């Protein structure tokens with residue numbers, strides 16, 4: 001595989017469009033910067049294929065797969081560490097998302113992460129903040145996507161408030177303008193529906209305040225191009241979107257009576273089906289948050305993904321920052337977490353698979369994170385604490401972690417103690433990592449540095465061997481009993497687990 005050491009790529013499976021950008025990393029004395037060198041966009045309109053019972057239809061899936069095949073050709077020579085693909089709202093809610101993603105990953109050639117709404121908001125803010133001039137005050141970033149709209153207030157490169165609301169240009173257009181017809185009453189109903197959703201966050205956002213409002217990505221850029229090219233903006237604004245500009249665009253749309261009859265400069269054909277929905281949401285944003293003008297930027301989710309990917313390659317992984325924050329929030333016993341994590345990693349290092357160094361390093365990190373979070377459920381109750389821990393890891397907002405990451409982490413946390421049968425049918429279990437974590441937790445029950453003997457582990461056909469000095473086991477009957485019980489637990493799910501005593 002040919003690699004491009006200074007290139008990174010981000011793929012965004014949005015509800016309206018699928019996008020790919022390739023960026024070149026430039027190192028400067030002030031830090032790293034990413035410059036876009038290539039971009040592809042496919043108007044897949046995935047959300048338009050979502051039925052009332054949340055199932056993606058075949059036509060929308062085929063459009064998505066075809067687009068990803070073309071992206072896959074562009075990325076064919078990239079190493080997996082140089083590419084990150086993320087999916088947003090439609091694939092968060094679609095009941096058959098897993099079936100779509102299996103074929104989608106085959107088409108693209110890289111894993112695809114379904115990210116939570118607030119993680120999407122965090123990445124959007126990172127992209128926007130890196131693409132606009134530095135500002136001393138706070139920024140409000142609004143990103144109207146196909147199925148959701150993200151609202152972020154931040155300062156410099158740090159988000160302060162992040163929210164994702166279930167309103168988007170595709171879903172809103174389907175609900176209020178299914179045939180493209182637009183009149184005064186329907187437009188007002190669409191605006192009010194958007195306002196009702198935004199009211200959930202408006203009070204807190206207004207109290208925090210902002211000095212600059214920015215509209216990011218596709219819908220905002222499309223609206224800005226229309227109001228600029230057709231001179232709809234208020235006279236004092238030559239760029240961006242003003243409240244007067246939106247009102248004049250609305251009047252033109254109502255006058256045309258149907259979006260397909262609208263004749264405006266810079267109106268792109270693929271934007272016509274979602275224009276009315278996107279416009280009504282932006283009008284609701286302006287009205288509910290009291291905005292008169294927003295600047296716009298192309299930098300959003302995709303650019304944020306690139307900077308996040310760059311941070312991971314430079315050992316500034318947001319996931320590690322998040323785990324450290326959780327440890328403080330839930331008063332984790334740091335010494336015990338480190339003890340179990342180090343021991344689990346030492347066992348993993350004895351196992352030979354996989355050979356890929358980057359994959360092995362990622363697995364080691366997951367073991368350390370799982371050890372750090374396995375007891376966060378104690379903050380709720382000691383009884384079944386591992387279930388509470390897993391629930392938090394699965395459902396909490398965890399910046400940097402995709403939903404796939406969180407599911408994988410939650411499976412390790414859930415499975416580190418108790419019966420294994422509860423995980424027998426789960427898709428997200430890495431049994432090798434779970435073996436290492438469970439053994440480390442079992443041997444660390446005294447919660448002190450007792451000085452363990454040399455313990456050898458080995459992967460066998462579908463199972464594991466654990467080798468310990470017989471003299472040490474004799475002097476530690478509780479551990480001996482626990483290992484026997486552990487072996488029986490693995491045997492119940494059809495995985496051989498042999499405890500071998502050496503030195504007899």
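Readers should treat all values here as calculations from the given coordinates under stated rules, not as data from a laboratory. A quick note: this is a predicted structure, and the numbers were derived from the prediction, not measured. Virtual Cβ from ideal backbone geometry, glycine too; neighbours counted across all protein chains shown.
Angle, helix 117-129 long axis vs. longest principal axis of the chain, Cα atoms, 0 to 90°, nearest 10?
60 degrees
For residue 260 and residue 470 in the same chain, what is the full-extension length gain: residue separation times 0.36 nm, less their Cα-Cα distance, in nm?
Working: separation 210, 0.36 × 210 = 75.60 nm, distance 8.06 nm.
Gain on stretching residue 260 to residue 470: 67.5 nm.
Roughly speaking, what is the centre-to-centre gap between the stretch 199-240 and the stretch 112-161 when only Cα atoms are used, to the nearest Å?
14 Å
Can you compute the FRET efficiency between residue 66 and residue 482 using 1/(1 + (r/R0)^6), with r the Cβ-Cβ distance and R0 = 51 Å? Round to the nearest 0.05. Don't jump to the answer; show the numbers that get you there.
Working: r = 54 Å, r/R0 = 1.05.
Calculated value: 0.40.
For a Förster distance of 22 Å, can you work out the FRET efficiency between the beta-carbons of residue 338 and residue 458, rounded to the nearest 0.05?
Working: r = 25 Å, r/R0 = 1.14.
Plugging the Cβ-Cβ distance into 1/(1 + (r/R0)^6) gives 0.30.
Based only on the alpha carbon positions, what is the Kirkwood hydrodynamic radius of the stretch 132-298, in angstrom? Let's see the in-between values first.
Details: mean 1/r = 0.0634 Å⁻¹.
Evaluated on the stretch 132-298, it is 15.8 Å.
Roughly how many whole Å is it from the C-alpha centroid of the stretch 252-280 to that of the stretch 68-104?
30 Å
Which value in deg cm²/dmol, rounded to the nearest 500, describes the helix-derived mean residue ellipticity at 222 nm for the chain, given -39,500 (n - 2.57) per DSSP H run of n ≥ 4 and division by the residue count?
On the way: 18 runs with 242 residues, N = 504.
Calculated at 222 nm, the ellipticity per residue is -15500 deg cm²/dmol.
Once you order the gyration tensor axes a ≥ b ≥ c over the Cα atoms, which shape class does the stretch 317-502 get: rounded for a/c under 1.5, otherwise prolate or oblate by comparing a/b with b/c?
Details: a/c = 1.58, a/b = 1.40, b/c = 1.12.
Here the stretch 317-502 falls in the prolate category.
Sequence gap at least 6, Cα distance under 8 Å: using those rules, report the relative contact order of the stretch 149-291 to the nearest whole percent.
Working: 179 pairs, mean separation 50.6, N = 143.
The normalised contact order for the stretch 149-291 reaches 35 percent.
Order of 187-194, 115-122, 264-271, 221-228 by packing, highest average Cβ count within 10 Å first? Working shown, then result.
On the way: 187-194: 18.8, 115-122: 24.1, 264-271: 13.9, 221-228: 21.9.
So the peptides 187-194, 115-122, 264-271, 221-228, ranked by packing, come out 115-122, 221-228, 187-194, 264-271.
Please report, for the Cα atoms of the chain, the Rg to one decimal and the Dmax as a whole number; what are they, in angstrom?
Cα-based Rg and Dmax for the chain come out at 25.9, 92 Å.
Among 49-57, 440-448, how do they line up from the highest to the lowest mean number of other beta-carbon atoms within 10 Å? Don't skip to the end; give the middle numbers.
On the way: 49-57: 14.6, 440-448: 16.9.
My ranking of the peptides, most packed first, is 440-448, 49-57.
With each pseudo-label sitting 7 Å past Cα toward Cβ, what's the residue 395-residue 231 distance in nm, one decimal?
5.7 nm
If each residue of separation counts as 0.36 nm, what is the full-extension length gain between residue 450 and residue 381 once their alpha-carbon separation is subtracted? Present the calculation step by step, with values, prior to reporting the outcome.
Details: separation 69, 0.36 × 69 = 24.84 nm, distance 2.72 nm.
Working it through step by step, the gained length comes to 22.1 nm.
Modelling each spin label as a point 7 Å along the Cα-to-Cβ direction, I'd like the residue 135/residue 98 distance in nm, to one decimal.
If labels sit at residue 135 and residue 98, their model points lie 4.2 nm apart.
Compare the peptides 469-478, 145-154, 428-437, 383-392 by average per-residue count of other Cβ atoms within 10 angstrom and give them in order, highest first. List each step's numbers first, then the result.
Details: 469-478: 13.6, 145-154: 26.3, 428-437: 21.1, 383-392: 18.4.
In decreasing order of mean packing, 469-478, 145-154, 428-437, 383-392 become 145-154, 428-437, 383-392, 469-478.
What angle, in degrees between 0 and 90 and rounded to the nearest 10, separates the Cα long axis of helix 477-492 from the longest principal axis of the Cα atoms of the chain?
60 degrees
Need one number: % antiparallel among DSSP beta bridges in the chain, to the nearest 5.
Numbers: 40 of 61 bridges.
Close to 65 percent.
Could you calculate the contour length gain from residue 292 to residue 33, that is, 0.36 nm times the residue separation minus the distance between their Cα atoms, to one decimal place in nm? Let's see the in-between values first.
On the way: separation 259, 0.36 × 259 = 93.24 nm, distance 3.19 nm.
Value of the extension gain: 90.0 nm.
Along Cα→Cβ, 7 Å out, is where each label goes; now give me the distance between the ones at residue 199 and residue 185 in nm to one decimal.
In this crude label model, residue 199 to residue 185 measures out at 2.2 nm.
Taking only C-alpha pairs under 8 Å that are 6+ residues apart, what is the relative contact order of the chain in percent? List each step's numbers first, then the result.
On the way: 935 pairs, mean separation 61.6, N = 504.
Once normalised by length, the contact order is 12 percent.
By how many degrees, 0 to 90 and rounded to 10, does the Cα axis of helix 301-313 deviate from the longest principal axis of the chain?
Rounded to the nearest ten degrees, it is 30.
Using the eigenvalues of the Cα gyration tensor, what equivalent ellipsoid semi-axes result for the stretch 186-256 when each is taken as the square root of five times the eigenvalue, whole Å, largest first? Kindly include the intermediate steps, with their values, before the conclusion.
Numbers: eigenvalues 106, 64, 21 Å².
Gyration-tensor ellipsoid for the stretch 186-256: 23, 18, 10 Å.
At a Förster distance of 41 Å, what's the computed FRET efficiency of residue 346 paired with residue 59, Cβ-Cβ distance as r, to 0.05?
Values: r = 52 Å, r/R0 = 1.26.
With R0 = 41 Å, the Cβ-Cβ based efficiency is 0.20.
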